[in-house]
Amino acid sequence: LTPDAPCGADVGTRYCSPAVDNSSGAPGTISAIGSDVLADDQLTLVVENLPSGQFGYFLTGMTQGAFTPPASSGVVCLSGNIGRFNQVVNIGMGPCFSMEVDLSSFPVNPPRHPVAGETWHFQCWYRDGATNNFTDAVSVTFQ
């Protein structure tokens, strides 16, 4: 996770946008940069516009959804078998952070890796003061 990550998107399709505004006054966004070719093993998730001094986790799943969990300000844009990457996003001074995705094992139950032709969806859950919030989401179809 790097606080000086490049901001921007070049892989995938954003959906569930815009997310609910957070305490920074803007909606959190997620992008995927790198390559959707599995053999390249170069996919990075980037989040922007998150409130400083908070933390969060990246989520993944193969099914899009839309529900608001209790005690949350935002919408979960995934459903079904949702996995949580165990690397904590430390927003710190924010507002742009990233995580390189380990394409060999996604944290769903049971853990598995994506295969060519599959579409996986990604989102970031984060603390926002006394509540929770979520970025929008991005879909990546792997080759």
Packing-wise, with mean Cβ within 10 Å as the measure, how do 68-75, 23-30, 110-117, 125-132 rank, highest first? 23-30, 125-132, 68-75, 110-117
(i) 1.40; (ii) 1.10; (iii) 0.96, with the label sought being that of the calculated Cα Rg over 2.2 N^0.38 Å: (iii)
Under the rule a/c < 1.5 gives rounded, and otherwise a/b versus b/c splits prolate from oblate, where does the stretch 23-96 land using the Cα gyration tensor? oblate
The ³J(HN,Hα) series, computed from each phi in the stretch 58-73 with the Karplus coefficients 6.51, -1.76 and 1.60 at θ = phi - 60°, rounded to the nearest Hz and given as x for glycine or proline, is 8, 10, 8, x, 9, 10, 6, x, 6, 8, 9, x, x, 6, 10, 9
With a Förster radius of 25 Å, plug the Cβ-Cβ distance of PHE55 and HIS113 into 1/(1 + (r/R0)^6) and report the FRET value to the nearest 0.05. 0.40
Pulled fully out, how much extra length does the chain show between THR63 and GLN87, if you take 0.36 nm times their separation in residues and subtract their Cα-Cα distance? 6.5 nm
Assuming R0 = 22 Å, what is the FRET efficiency of ARG14 and ASP102, from their Cβ-Cβ distance, to the nearest 0.05? 0.50
Computed over the chain, the relative contact order (Cα-Cα under 8 Å, seq sep at least six) in percent reads 33 percent
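Every read-out reported here was derived from the displayed coordinates using simple, explicitly stated rules and does not represent laboratory data. Bear in mind the structure is a predicted one, so any value in this text is a computation, not a measurement. Glycine also receives a Cβ, built like all others from the backbone with ideal geometry; neighbour counts cover every protein chain displayed.
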